[in-house]
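Have a look at the structure below, then the notes.
Each reported figure results from applying straightforward, stated rules to the coordinates on display, with no laboratory input. Here the structure is a predicted model, which means the values were calculated and not measured.
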Amino acid sequence: MNIRKMLFIAALMLAFTILLPVAHADDWNQATRVTFSQSVQIPGPQAIVDWFYVGETEGHEFLYPKQEEQELAHATRKTFVSGD
């Protein structure tokens, strides 16, 4: 019984090895390239200092390196409220 199972598993593995196609990328799934007709400037993301859920008094505070933390402390803060 064990020999039969082992032979079946070996045959199954051999069949998968032979029948499975070789993985390759064709023109459809190659890297995407975007070309702009003018120069484009992408702004850096705004830093999130802390995060609170609406109606909650406890939230999350994000830690930044010392230099960046000082820059964020002097920057103007904006509050965004989002809800259902």
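Computed from backbone phi with θ = phi - 60° and the Karplus coefficients 6.51, -1.76 and 1.60, the 3J(HN,Hα) list for the stretch 46-63 is 6, 6, 9, 8, 8, 9, 10, 7, 4, x, 9, 9, 10, x, 10, 10, 8, 9 Hz; x is used for glycine and proline. Extension gain, Leu72-Gln46: 0.36 nm per intervening residue step, less the Cα-Cα distance, totals 8.4 nm.
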